[in-house]
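> Submitted below is the structure of interest, expressed as structure tokens.
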Amino acid sequence: MTVFKPIGVKSERILTRNKSIHLACDDDISGRDLALEACPCLKAISVLSPISDSIHLIHGPLRCASYSWDARRCVSSGPILYKNRFSTDIDEHDDISDSERKLAQTIRKLHAVYNPAAIFVYISCVLGKINGNIKTICKSAAKELRMPVIIVGSGNFLKNRDLGYKLACNALLKLIGSKTYLPRSPYAVNILGEYNIAGGLWPVRSYFEEMGIEVISTMTGDSRVKEIQRAHCAGLNLVHCSSSMITLANELKKKYGIHYRRVSFLGIGAMSSALRNAAEFFDDPCMIDECDKMISKETKRIMRQIKHHRARIEGKQAAIYVNGASKAVSLTKALQELGMEVAIVSSLSGDWVDRQKICDAAGCNAIIQRDLNTCDLKDLLVKRKVDLLLGGIKEQFLAQELGIAFCDISCHRTFAFEGFNGITNLAREINTSMNKPTRKLTVKKESKFDSLESPKDEDPALG
């Protein structure tokens with residue numbers, strides 16, 4: 001892989017106490033990592049920020065706090081403290097003692113003004129290299145203020161997006177087990193990797209409660225610090241997003257003996273399978289019977305609702321371009337339930353288990369490739385004559401250029417696609433995008449200049 005230095009990277013070093021310290025920001029970075037915005041600090045914030053009654057403080061330069069709360073369209077049923085973002089605003093004028101004093105003062109001031117349930121302190125790569133007494137300061141503040149002050153990451157930050165997920169899981173582990181709790185039901189679960197995008201968590205939670213299963217905590221959509229602290233009392237962990245939460249699920253199994261199941265809430269079959277997995281794990285005949293009745297009832301209702309949309313999109317070809325491999329599997333199965341064919345699948349992350357599931361779900365006719373770049377994706381969309389592209393905001397403009405229908409499946413969407421009602425929303429969005437009258441106006445037509453040969457440059461020396 002070619003390694004290059006981006007334009008504008010500074011080669012200076014920071015001088016602290018007469019010692020020159022090399023910055024991780026000045027290291028060579030690959031083009032792929034740069035394109036993926038692989039900052040572990042930002043990935044950790046994306047996992048922990050939905051905890052609605054906590055404060056997220058970035059200890060570093062102000063620009064490191066650029067990952068705003070609306071990067072994930074998470075919603076809360078209670079506190080809205082998570083919508084704020086704070087920074088100690090360390091710059092080149094601050095030495096080690098100044099940065100430590102700023103951190104201590106900021107933590108105490110935030111506690112006095114907002115009175116949060118916990119404060120997460122994210123250490124940027126600049127401060128991570130300097131290190132200092134950050135751990136001592138946070139430990140002292142936690143003891144004085146009588147609240148958790150948790151450090152998220154320290155030391156040398158590698159440019160690896162998966163590292164950010166591990167740092168977030170380690171931060172959650174520091175909270176879990178610090179509160180005692182007696183579950184109301186003998187059947188209790190935690191939902192991991194569900195971030196309540198557009199309120200998608202709430203109907204899913206109601207399904208489990210209707211079956212008699214208590215949801216002790218959700219990590220981290222619409223969650224509270226108190227709920228996370230008692231998560232060790234659950235009997236089962238349901239992992240929705242394995243890319244970000246599989247590390248936490250494995251650690252909880254080692255430390256507390258809590259088993260986990262990989263599930264998905266997107267699509268009729270996936271939602272039904274998640275409910276059955278929970279019911280069969282607790283091995284209660286009454287619960288299993290109640291689960292089967294609920295699935296049968298909801299399936300009949302949803303099939304009636306999507307009948308009209310399914311008739312208009314059946315047989316069309318779709319391409320999936322997402323970050324997580326587990327989401328790609330769920331989308332593939334959901335589109336097949338709507339009668340569509342999946343021609344292209346590309347994801348940026350996921351382990352070998354998720355990728356094998358993609359192959360099994362998409363079939364042998366689909367093109368499955370990891371980490372497609374925009375140019376390759378464009379060529380495949382044209383060659384396979386795809387009718388629909390499901391991706392993020394950045395892929396929307398590519399779809400418009402090619403005259404292909406587009407459906408936003410990223411964390412910026414405004415509709416919930418989880419649960420039984422979620423497949424109705426997905427079918428309606430796809431039908432609207434593919435069959436709206438104005439879509440034919442975006443179809444790219446061949447220009448009369450495209451068929452003309454470009455004039456050859458004349459050599460002035462021959463003139």
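> Kindly state which helices (runs of 4 or more DSSP H) lie completely within region 267-372 and contain at least 2 residues that are touching a strand residue (DSSP E or B) at 6+ places or on another chain (Cβ under 6 Å).
Details: elements: 268-282, 285-313, 325-337, 352-362.
Output list reads 268-282, 325-337, 352-362.
> On to the next question. So is S99 in a loop (DSSP other than H, G, I, E, B), polar (S, T, N, Q) and outside the structural domain of G193 (by TED's automatic domain parsing) or not? Step through it out loud before you land on a result.
On the way: in a loop (DSSP other than H, G, I, E, B): no; polar (S, T, N, Q): yes; outside the structural domain of G193 (by TED's automatic domain parsing): yes.
It is false that S99 is in a loop (DSSP other than H, G, I, E, B), polar (S, T, N, Q) and outside the structural domain of G193 (by TED's automatic domain parsing).
> Let me ask something else about it. What are the residues in region 49-100 that are closer than 21 Å to N133 by Cβ, more than 22 Å from the chain's Cα centre (by Cα) and aliphatic (A, V, I, L, M), if any?
Across region 49-100, the qualifying residues are I90, I96.
> Could I ask something else about it? I'd like the residue in region 295-310 that is among the basic types (K, R) and surrounded by 11 or more Cβ atoms within 10 Å (Cβ to Cβ) and, out of all such residues, is farthest from M340 (Cα to Cα).
That would be K297.
> Need the failing condition index for M219 against (1) assigned to a helix (DSSP H, G or I); (2) within 27 Å of A198 (Cα to Cα), just the number.
(1)
> Here's another thing I want to ask about it. Is there a residue in region 430-437 that is at pLDDT below 85, outside the structural domain of G324 (by TED's automatic domain parsing) and not small (G, A, S)?
yes
> If I ask for residues that are among the aromatic types (F, W, Y), in the same structural domain as D222 (by TED's automatic domain parsing) and closer than 30 Å to K135 by Cβ, which ones from region 165-210 would you list?
Y195
> Determine whether region 409-417 contains at least one residue that is surrounded by 20 or more Cβ atoms within 10 Å (Cβ to Cβ), assigned to a helix (DSSP H, G or I) and at negative phi.
Checked against the condition, which is being surrounded by 20 or more Cβ atoms within 10 Å (Cβ to Cβ), assigned to a helix (DSSP H, G or I) and at negative phi, region 409-417 yields no hits at all.
> Just to be sure I understand, how many residues within region 375-421 are aliphatic (A, V, I, L, M) and touching a Pro at 6+ places or on another chain (Cβ under 8 Å)?
Final tally of qualifying residues: 1.
> Among the numbered conditions (1) under 28 Å from the mean Cα position of the chain (by Cα); (2) crowded, with 18+ Cβ neighbours inside 10 Å, tell me where Q336 comes up short.
Among (1) under 28 Å from the mean Cα position of the chain (by Cα); (2) crowded, with 18+ Cβ neighbours inside 10 Å, Q336 violates only (2).
> Taking region 363-376 as the search range and keeping residues that are surrounded by 19 or more Cβ atoms within 10 Å (Cβ to Cβ) and within 10 Å of S346 (Cα to Cα), which one is farthest from the chain's Cα centre (by Cα)?
I368
> Which residue is surrounded by the fewest Cβ atoms within 10 Å (Cβ to Cβ), if the candidates are limited to region 282-294 and must be farther than 11 Å from M211 by Cα and not acidic (D, E)?
Per the criteria, the residue is P285.
The values are calculated or read from the model by the stated rules, or taken from the named source; none is laboratory data. Nothing here was measured: the structure is a model prediction, and the numbers come from that model. Counting neighbours? That spans all protein chains shown, and the Cβs are built from the backbone with ideal geometry, glycine included.
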